[in-house]
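Colleague: The structure that follows is given in the form of structure tokens.
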Amino acid sequence: MKVLFIGGTGVISEACTKLAVEKGIDLYLFNRGLTEAEIPQEVPVITGDIRNRSEAAKILSGLNFDVVVDWIAFTPEHIETDLALFQGRVQQYVFISSASAYQKPPNHYRITEDTPLCNPFWEYSRNKIACEERLMRAYREAGFPVTIVRPSYTYGRKKIPCATGGSDYTLIDRYKKGKKIIVPGDGTSLWTLTHNTDFAKGFISLLGKEKAIGESYHITSDEVLTWNQIYQIIGNAVGVEPNLIYIPSKVINHFDQEIGAGLLGDKAHSMVFDNSKIKETVPGFEATVSFAQGVRMAVEWFEANPQRCVVNERHNQRIDRIISAYEKLYPRFDCATGPLMNDRRWDCFR
């Protein structure tokens, strides 16, 4: 099977690239060659810019693939480029969507592929929904052989989960220095974190599978944790008791809408995934890396090389600004009843 990954060097796709090679897939990567990644030596890298349609068409004109996976399509315009490039030329096209596209807030905490797609809070998710709609129209009207895959929060050795971003060494550094770590809400919402090697097992098995054409799948772990548990497990891996501060997601969004969009549009809600569909299509699929194992491997990877331990001071400053602004209001907040009704500074959060 000859497969093209557009992108292929991100946290999720890097693990899939490695497993594809182990499975004997004839894999090619197409990207700009700007992202540092450990690409297996036997994988050819085609250098080009998929955003430049004419350039991409010229580079890919003499090449044929059974399967194309686009890891970096985020808007309907990106999808139109892929349709122009690959219509009639591939047996399967895989679009990487996002589980954040599922209904927010959800009507039910347990998510299946039939859960409606609706996210009024996050433009990223709305764009992914629009991409899915365009691709399914191409499937219905022109037989374009699409498969849609929706990862949820997927991490690996280069990424440590954090609800408010800074999921590189910046989070570890905050732990080690005793800095406050923001927990959205009260930390009791349920969340699912998936190691990239587990995701890869389900994903690679979908490639070339005719049954998957015209279908959508999410691929996640079955381990369910609260954000309180997540931050405690990270602390255990770092060897530090976390210094947690609880801030309502709406308050976070008020002070930083970029961080807030990812909370209100995704991480502030309990999300538990029913993986029956991927398990039925890929018999034997099971996520086996616990979060405690995965985050410990990530911390060890960072600290094995001091050059990896880079702190994003801009992100640190954003987090500190949110905390500082919230703490100025906190004395006027009654934990039992919420904001005091005579304090109009809280009106925007009601």
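The values are calculated or read from the model by the stated rules, or taken from the named source; none is laboratory data. Because the structure is predicted, anything quoted here is derived from the model rather than measured. FYI the Cβ positions are ideal-geometry reconstructions off the backbone, even for glycines, and counts take in every protein chain you see.
Colleague: Which members of the stretch 34-90 meet the condition of being surrounded by 14 or more Cβ atoms within 10 Å (Cβ to Cβ) and small (G, A, S)?
Modeller: Hits for the stretch 34-90 are A37, G48, A56, A73.
Colleague: Mind checking which residues of the stretch 235-263 are over 18 Å from G187 (Cβ atoms), in contact (Cβ under 8 Å) with a residue 24 or more places away in the chain and under 17 Å from the mean Cα position of the chain (by Cα)?
Modeller: A261
Colleague: For the stretch 6-26: of the residues being crowded, with 23+ Cβ neighbours inside 10 Å and polar (S, T, N, Q), which is nearest to the chain's Cα centre (by Cα)?
Modeller: S13
Colleague: Which residue pairs have Cβ atoms closer than 8 Å, lie 6 or more positions apart in sequence or on different chains, and pair a first residue in the stretch 198-211 that is assigned by TED's automatic domain parsing to the domain that holds G143 and β-branched (V, I, T) with a second residue that is part of a loop (DSSP other than H, G, I, E, B) and surrounded by fewer than 23 Cβ atoms within 10 Å (Cβ to Cβ)?
Modeller: These pairs meet every condition: I204/K23; I204/I25.
Colleague: Can I ask one more? Starting from residues that are in a loop (DSSP other than H, G, I, E, B) and of a type in the set (G, A, S), keep the ones in the stretch 42-85 and report whichever is modelled with the highest pLDDT.
Modeller: Among residues in the stretch 42-85 that are in a loop (DSSP other than H, G, I, E, B) and of a type in the set (G, A, S), the one modelled with the highest pLDDT is A73.
Colleague: Can you tell me which of (1) farther than 25 Å from F199 by Cα; (2) in a loop (DSSP other than H, G, I, E, B); (3) not assigned by TED's automatic domain parsing to the domain that holds C16 is the one F121 doesn't meet?
Modeller: All conditions are met except number (3).
Colleague: Please specify each residue of the stretch 264-282 satisfying the condition of being part of a loop (DSSP other than H, G, I, E, B) and either within 19 Å of the chain's Cα centre (by Cα) or at pLDDT below 95 (or both).
Modeller: Within the stretch 264-282, A268, H269, S270, M271, D274, N275 meet the criteria.
Colleague: Of all the residues that make up the stretch 43-72, how many are more than 25 Å from K23 (Cα to Cα) and of a type in the set (A, V, I, L, M, F, W, C)?
Modeller: Residues that pass the stated criteria total 4.
Colleague: Follow-up. Can you tell me which residue in the stretch 91-105 is nearest to the chain's Cα centre (by Cα), limited to those that are farther than 19 Å from T154 by Cβ and crowded, with 16+ Cβ neighbours inside 10 Å?
Modeller: Checking each candidate, the answer is Y93.
Colleague: Only one of (1) over 22 Å from R150 (Cα atoms); (2) of a type outside the set (G, A, S); (3) at pLDDT 95 or above fails for I39. Which number is that?
Modeller: Looking at each condition in turn, I39 falls short on (3).
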